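Here is the structure we will look at, set down as structure tokens.
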Amino acid sequence: MAKTSTTTQGLRAAIERSGYYPALVAEAVEAAVGGEPMRSYLVHQETTFDQNEVRRHVTVLVLTDNRFIVSHTDEQAADSTSPTPYATTSTESVKIGRISSIVVSRVVANPESYKPGTLPREVVLTIGWGAVSRIDLEPAACGDPNCEADHGYTGNSTADDLSLRVSEAGDGPETVREALAFAQALSEATADTTR
């Protein structure tokens, strides 16, 4: 849940409310945060469908004065490498100054009658810090329809380290509010050029 000036107990309670391996997730996140005070956090549990299987995963985002911490936990069914189901938890700690891009996409119903403060139907938060980039290339062309010359390639490079989607229908209006609050806190933290 996104909150400002939070405590470890508040984060732990949000992780427990997600119901997704709370002891495992909390231990990983708390170890990554260490003793730093938290400015904001967001806990997002998501269920996806993969062919015949239902998969759950949880993402925890934490903002401290100096760092942005991402924790992601996935569960896996038993497979050839493990006779029992297992979970994988990873944490990444990013210095605030490394965050290069924060994109908040809002989906709003009936935009012609939108009133300021109305909650979006859906929010997608995309954060880039240079760890992962996506490159989309296509053949370049000129304006001559009869030209057969090789003009090389053209394309876009997009920072795409983390993308998190929350919706009012799937996650509830409070989670949408919390995602917006976390995005605002992160944006404000990156605007401080002294970091």
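Some notes on this structure:
- Size of charge dipole - the range 1-95 - debye, nearest 20, with Cβ of Lys, Arg +1 and Asp, Glu -1, no other charges: 400
- Per residue, the chain exposes an accessible area of 58 Å² to a 1.4 Å probe, with every protein chain left in place.
- Charged side chains reduced to their Cβ positions (Lys and Arg at +1, Asp and Glu at -1) give the chain a dipole of some 860 debye around its Cα centre.
- The angle separating the long axis of helix 8-18 from the principal Cα axis of greatest extent in the chain is about 70 degrees.
- Positive dipole terminus of the chain, leading residue within VAL123, THR47, PHE182 (C-beta point charges): PHE182
- Residue among ALA26, THR7, LEU61 farthest towards the positive dipole end of the range 1-95, charges placed on Cβ: THR7
- Between helix 173-191 and the chain: long-axis angle, C-alpha atoms, 0 to 90°, nearest 10: 70
- Estimated vicinal HN-Hα couplings, Hz - the range 82-88 in sequence order (Karplus 6.51, -1.76, 1.60; Gly, Pro = x): 8, x, 10, x, 8, 10, 10
- Only helical runs count toward this figure. For the chain, summing -39,500 (n - 2.57) over DSSP H runs of n ≥ 4 and dividing by all residues gives -7000 deg cm²/dmol at 222 nm.
- Extreme residue, positive dipole direction of the range 42-107, given options VAL103, THR81, SER93 (C-beta unit charges): VAL103
- Alpha-carbon spread of the range 19-86, three principal axes, descending order, Å: 42, 21, 18
The values are calculated or read from the model by the stated rules, or taken from the named source; none is laboratory data. The shown structure was predicted, so the numbers you read here are calculated from the model rather than taken from an experiment. Quick reminder, even Gly has a Cβ in these numbers, built from the backbone with ideal geometry, and neighbours come from all protein chains shown. Quick note on the areas: whole protein, heavy atoms, side chains included, nothing else; ligands and nucleic acids left out. Shrake-Rupley method; radii C 1.70, N 1.55, O 1.52, S 1.80 Å.
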